[in-house]
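Report on the structure given below.
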Amino acid sequence: MTLDFYYLPVSAPCRAVIMTAKALGVELNKKTLDLYGGEHLKPEFLKINPQHTIPTLVDDGFAIWESRPIMIYLVEKYGKEDDPLYPSCPQQRAVINQRLYFDMGSLYKSFAEYFYPQVKEKKPADPEMFKKFEAAMEFLDLFLSTSKYVAGDNMTLADLSILATVSTIEIAQIDFSKYEHLSKWYAGIKDTAPGADENWAGCLECRKFVENS
């Protein structure tokens, strides 16, 4: 079994996959891809992923990209039967899927649209973008007001994906202490989730990138 994983440690979606693999006991053959050097545009990588994005996983010749489908694939192929990370119950899966799509389309998206232009393009903070980001944080806090974890009473893929996002928000020095339930969840999972140490190491690399930009 050879699972080649093309990634960058600073990327939250990449770190979410790494934590999933750690939770499953799956070893990834990590291949750092230098986006700034154009490695993702080389013909050999375009054959693997014509969208030339990270993370990208190649499992014995089968290629898949986008972090959340990769996470689901890993559990469905390498997880135990009815794995709590992504249980077989359709309703439980529906909630997990909703939270994963929420992270992709609302939480991480609004954070990226608010924060990264300030870093990459030296643009001033956009108050309208911050409002959208705050709205997403409020929804996450609401989700966590009714359960211990993001999608119920057990840790799932949704927690790992959103942990990668929220830890990146922390290193961006955005204070979210006013969100009581979110803060409690984060304090409990930040250092205890599978692969938490590697996730945080990637966050610290991201912080250096931000500070040096």
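The values are calculated or read from the model by the stated rules, or taken from the named source; none is laboratory data. What you are looking at is a predicted structure, and each value in this text was computed from that prediction instead of being measured. Here the Cβ positions follow ideal geometry from the backbone for every residue, glycine too, while neighbour counts run over all protein chains shown. The area values use the complete protein model at the heavy-atom level, side chains included, leaving out ligands, DNA and RNA. Shrake-Rupley method; radii C 1.70, N 1.55, O 1.52, S 1.80 Å.
A few notes on this one:
- The single condition among (1) closer than 19 Å to Thr146 by Cβ; (2) touching a residue at least 12 places away in the same chain (Cβ under 8 Å); (3) outside any helix (DSSP H, G or I) that Ile162 does not meet is (3).
- Residues satisfying the stated conditions in segment 175-189, i.e. in a loop (DSSP other than H, G, I, E, B) and either crowded, with 16+ Cβ neighbours inside 10 Å or of a type in the set (Phe, Trp, Tyr) (or both): Phe176, Tyr179
- The residues in segment 25-57 that are more than 16 Å from the chain's Cα centre (by Cα) and not in a loop (DSSP other than H, G, I, E, B) can be counted, and the count is 13.
- Hey, Tyr86 surrounded by 16 or more Cβ atoms within 10 Å (Cβ to Cβ) and among the aromatic types (Phe, Trp, Tyr) or not: yes
- Segment 8-24 - residue that is among the β-branched types (Val, Ile, Thr) and farther than 16 Å from Phe209 by Cβ and, of those, nearest to the chain's Cα centre (by Cα): Val17
- Test: residue in segment 101-121 that is in a helix (DSSP H, G or I), more than 20 Å from Ala193 (Cβ to Cβ) and β-branched (Val, Ile, Thr): yes
- Among (1) open to solvent by less than 70 Å² (accessible area, probe 1.4 Å); (2) of a type outside the set (Gly, Ala, Ser); (3) farther than 29 Å from Met137 by Cβ, the one test that Ile96 misses: (3)
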